[in-house]
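Read-outs throughout are calculated quantities, based only on the coordinates presented, and are distinct from any laboratory measurement. Since the model is a prediction, treat every value here as computed from it, not as a measurement. Positions of Cβ are generated from backbone atoms using ideal geometry, with glycine treated the same way; all protein chains shown enter the neighbour counts.
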Amino acid sequence: MDLVVRNARLHPTGGTHPEPVDIGIEDGRIGAIRERGQLPLVETELDAEGSLLSPPLVDPHVHMDAVLTVGEPRYNESGTLIEGILTWAERKPSLTHDDVKRRALEAIRWEVAQGTGMIRSHVDVCDPNLVALKALLELREEVRDIVELKLIAFPQDGILSFPDGKELMREAMRLGCDIIGGIPHYEWTRDDGVEEVHFIFDLAKETGAQIDLHCDETDDEQSRFLEVVAARAIRDGMQGRVVAGHTSAMASYNDNYAFKLIQILKRAGVTIVANPLDNIVLQGRFDTYPKRRGMTRVKELDAAGINVACGHDSIMDPWYPLGRGSMLDALSMLVHVGQMTGRAELFRAYEMVTTNPARAAETPWAIEEGAPANFAVFDCTDEAEAIRLRPAARWVVRAGRVVAETEPARSVVHHGGASDEVTFVKPTSEGGRNQQRAAT
């Protein structure tokens, strides 16, 4: 064995807290999972101390070309989606190859350090020179040892509404983009939006690529491009190969239409990616009260058996001035906005940043013998604690190699002449404390 992780609790635990196990890694794969003490000593060992060993987190929806541009050239003072798009349009002419790579690499490091092993990034291709795309294609190869980066050709200003939009999309795919994106609700007319959907499906036929589009990111209950996407996925036999991001309008649909749409989505095998950090602040901006939450119907979609994932979307850019690249931050927002705080719901939600988006990417994660040794060890005991504490990723492992590690914070309170370490866990009924350490 090249590496042994001892005393780890495996995901998914579902709250059962099984006994920790030892995991042996050999040649980049999980060679053995055994009861504690059953694996021989090796030169390189990690002691998880009863912490959660999870599949890597997945960020299925982010914009690495725009990360860390907040305030450039100005701040989005209204906080609206449209001002964000207009601000980005002002920043875009000053993009350079090195500028994009530098910012994206920093954000990727943030994500990896917090347990992310796969990132699917949309890249704005409404640029005749495709500056950002060429930079990220180069970076994709340079970060391959620490993360799997997939690039989505994203027409931020529309395909029909932007000069030579169709040709730019084809060129993006020719240069090496992995996935075809879209934004039908941003076209000038509904007819143009429908035509855009058909164009990207035709392009998928030509290239064999997956589709991952922004769809109905609006509070307009009449924005219904998702039905066109689902119908085309069924007719083209693309079940399981289409992802729709945001779908915020679904929160405003009447229940009869939403029920019908959900049945079509299930048949179409479309994955829905919610982006709660952005949509909770971008949507509902024109409402007085009550204000809409702006997030798609995560709970109902999941209950219907539709694959649902959670994305980070923005990291300090014109649309969202906050964020640190933590998928657990995004997931925490999702369970609050989506009211998924039931015990079983918390464990179910955890899959929305691990196995669900990995399934959509046709790269299923598994913690089992023979599987690639890709995982993260979080400083907590289970998935519900991971959402509550958003703890440090003690170690992040890719292909059997530790690619990131974090020393958890330690908090001490001084009172009454004594000093007590704060562990942020529920005291036991006997009055003692669970000794599992948790990060601040």
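Note on the chain: GNM, Cα springs under 10 Å; of ASN275, ASN129, ASN374, the largest mean-square fluctuation is that of ASN129.
Summary value for the chain: 19 percent relative contact order, contacts being C-alpha pairs under 8 angstrom separated by 6+ residues.
The equivalent ellipsoid that matches the C-alpha gyration tensor of region 97-200 spans semi-axes of 27, 14, 11 angstrom, in descending order. GNM remark for the chain: springs join alpha carbons under 10 Å apart, and the peak mean-square fluctuation among ALA132, ALA373, ALA303 falls on ALA303.
For region 283-334, a Kirkwood hydrodynamic radius built from all Cα pairs, placed in the Stokes-Einstein relation at 37 °C and 0.692 mPa s, yields a translational diffusion coefficient of 254 µm²/s.
Note on LEU86 and ARG190: with the Förster distance fixed at 22 Å, the Cβ-Cβ geometry gives a FRET efficiency of about 0.50. Listed by chain and number, the lysines placed with their C-alpha closer than 17 angstrom to that of LYS92 are LYS101, LYS134; residues fewer than eight positions away on the same chain are left out. Taking a Cβ cut-off of under 11 Å around LEU137, the surrounding Lys, Arg, Asp and Glu residues balance to a net charge of -1, with basic ones at +1 and acidic ones at -1.
Membrane-span-like helices in the chain (whole DSSP H runs, Cα extent of at least 18 Å along the helix axis, mean Kyte-Doolittle hydropathy of at least -1.0): 97-113, 190-207, 255-268. Taken over the C-alpha atoms, region 40-167 has Rg and Dmax values of 18.0, 63 angstrom. Of the residues LEU389, LEU149, LEU175, the one that moves most in a GNM of the chain with alpha-carbon contacts below 10 Å is LEU175. Taking every C-alpha pair closer than 8 Å and separated by at least 6 residues, the mean separation divided by the residue count of region 217-266 gives a relative contact order of 56 percent.
Candidate cross-link partners of LYS426 among the lysines, defined by an alpha-carbon separation under 17 Å and a same-chain spacing of 8 or more, are absent.
For the chain, adding -39500 (n - 2.57) for each run of n ≥ 4 DSSP H residues and dividing by the number of residues yields -9500 deg cm²/dmol at 222 nm. For region 291-440, the average shadow cast by the Cα convex hull is 13.1 nm², which is a quarter of the hull's surface.
Cross-link partners for LYS260 among the lysines, with Cα-Cα distance under 24 Å and sequence neighbours closer than 8 places in the same chain left out: LYS299. Applying the Karplus relation 6.51 cos²θ - 1.76 cosθ + 1.60 with θ = phi - 60° to region 361-375 yields 3J(HN,Hα) values of 7, 6, 9, x, 7, 7, 9, 8, 4, x, 7, x, 7, 10, 6 Hz, where x marks Gly and Pro. Each distinct pair of alpha carbons in the chain adds a 1/r term; the inverse of their mean, the Kirkwood radius, is 22.5 Å. In region 159-278, Cα pairs under 8 Å separated by at least six residues give a relative contact order of 22 percent.
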